[in-house]
Amino acid sequence: MKIVVEVIKHSGERSQFSIDKLKSSLRKSGADEALVAEIANNVRDELYQGISTKEIYNRAFALLKKKKRGYASKYKLKKAIYELGPTGFPFEKFVAAILFYSGYEVKIGQFLQGKCVTHEVDVVAHNNGIYVVAECKFHSDEGRNCNVKIPLYIHSRYRDILNFYGDENNGDKPNEGWVVTNTRFTEDAIKYGTCVGLYLLSWDYPKNNGIKDRIDRLGLYPVTVSTLLSKREKQFLLSRDVVLCKQLIDDHFYLDHLGVSDNRKVRILEEINILCQNH
């Protein structure tokens, strides 16, 4: 008789354990089918009723790290985005980097005049007549989603900025308002944002073009994804505006500032090169 194991999600909701979901997440790390099956079977054998999804993830991550450190880095991508906190400012820089490597001219923390008041905008970006005004909503709590209040609030600010220009239709007027979050949008948030013409970007939205898809496509992995750098070292790099592994590849001297030994530096660079290869 097949035993159904209940797992507890970050939100506290209970659901049935799915080995297919676990295998799917492992495949996304780049692991081959034999390794995926081996790890999934090991994790399944250690399950118990009421186990948290976090514990399942940690176990799968530990097994993957033992076998293939580069794959483990990619597997922990979602968690690495949460590690950009707690202030959310590194996340703004990360969003700016995604836009920059997508061909945009980008600025962070700009003040734009509205009809009623002045607004500090997280990210502004220009590309071939597209003028993006983006607001970033960072959650350090994995159980929290971005509800409808966020796009409601951001839309009101965006409208005030547009109203400053009146009916002008020149290049100085923003033409895209974005809401970007590291978590997920609720159904109402998506409905409202879509209805009023905001562009919504989250971990997995739009489908096939969310933050995760863009990171994989462009190779823009945050430094927090490294399994070799300590928490202190990651925070040091973030405080120096180093948010991408790509920046460490281009400028090794950041690792020298950390006092990393030559042997460890080689291992760190090997790990992030595996992540960023072919980009």
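The values are calculated or read from the model by the stated rules, or taken from the named source; none is laboratory data. Everything numeric here is computed off the predicted structure, so don't read it as measured data. Cβ: placed from backbone, ideal geometry, glycine included. Neighbour counts: every protein chain shown. Please note that ligands, DNA and RNA were not included when accessible areas were found on the heavy atoms of the full protein model with its side chains. Shrake-Rupley method; radii C 1.70, N 1.55, O 1.52, S 1.80 Å.
List of remarks:
- Put simply, the amide H of TYR131, placed in the peptide plane, has neighbours under 5 Å in ASN175, GLU176, leaving out anything fewer than 5 places away on its chain.
- Formal net charge of residues neighbouring THR118 (Cβ-Cβ distance under 14 Å; K, R +1; D, E -1): 0
- Across segment 151-279, the mean sequence separation of Cα contacts (distance under 8 Å, 6 or more residues apart), normalised by length, yields a relative contact order of 18 percent.
- Each of CYS146, ALA72, GLY197 was scored by the projection of its Cα onto the charge dipole of the chain, and the greatest displacement toward the positive side belongs to ALA72; charges sit on the C-beta of Lys, Arg, Asp and Glu.
- For the chain, radius of gyration divided by Kirkwood radius, i.e. Rg to Rh on alpha-carbons: 1.01
- Taking amide hydrogens as placed 1.01 Å from N in the peptide plane, the amide H of PHE185 sits under 5 Å from those of CYS146, each at least 5 positions away in sequence or on another chain.
- Cβ-Cβ FRET estimate between THR118 and ASP188, R0 fixed at 41 Å, reported to 0.05: 0.90
- Accessible area per residue for segment 152-226, computed on protein heavy atoms with a 1.4 Å probe, is 46 Å².
- DSSP bridge pairs, the chain: antiparallel proportion in percent, nearest 5: 60 percent
- Karplus (6.51, -1.76, 1.60) ³J(HN,Hα), θ = phi - 60°, over segment 216-230, in Hz, Gly and Pro reported as x: 4, 5, 9, x, 9, 7, x, 4, 5, 6, 5, 8, 9, 7, 7
- Rounded to whole numbers, the Karplus 3J(HN,Hα) couplings from phi for segment 178-186 are 10, 10, 10, 9, 7, 9, 10, 8, 6 Hz, using 6.51 cos²θ - 1.76 cosθ + 1.60 with θ = phi - 60°, and x at Gly and Pro.
- Long pairs among LYS28/LYS173; LYS21/LYS265; LYS28/LYS149; LYS65/LYS265; LYS67/LYS234, criterion Cα-Cα beyond 30 Å: LYS28/LYS173; LYS21/LYS265; LYS28/LYS149
- Relative contact order computed over segment 130-220 (Cα-Cα under 8 Å; 6+ residues apart), in percent: 33 percent
- Phi-based couplings in Hz for segment 125-130 (Karplus 6.51, -1.76, 1.60; Gly and Pro marked x): 8, 10, 7, 6, x, 8
- Fraction of accessible area attributable to carbon and sulfur, the chain (%, probe 1.4 Å): 48 percent
- When only Cα pairs below 8 angstrom with a gap of at least 6 residues are kept, segment 18-130 shows a relative contact order of 16 percent.
- Sorted on the mean count of surrounding Cβ atoms within 10 Å across their residues, most packed first, peptides 11-21, 132-142 read 132-142, 11-21.
- Note on segment 118-183: antiparallel DSSP beta bridges, both residues inside, total approximately 45 percent of the bridges counted.
- Taking the Cα centre of the chain as origin and assigning +1 to Lys and Arg Cβ atoms and -1 to Asp and Glu Cβ atoms, the resulting dipole is close to 920 debye.
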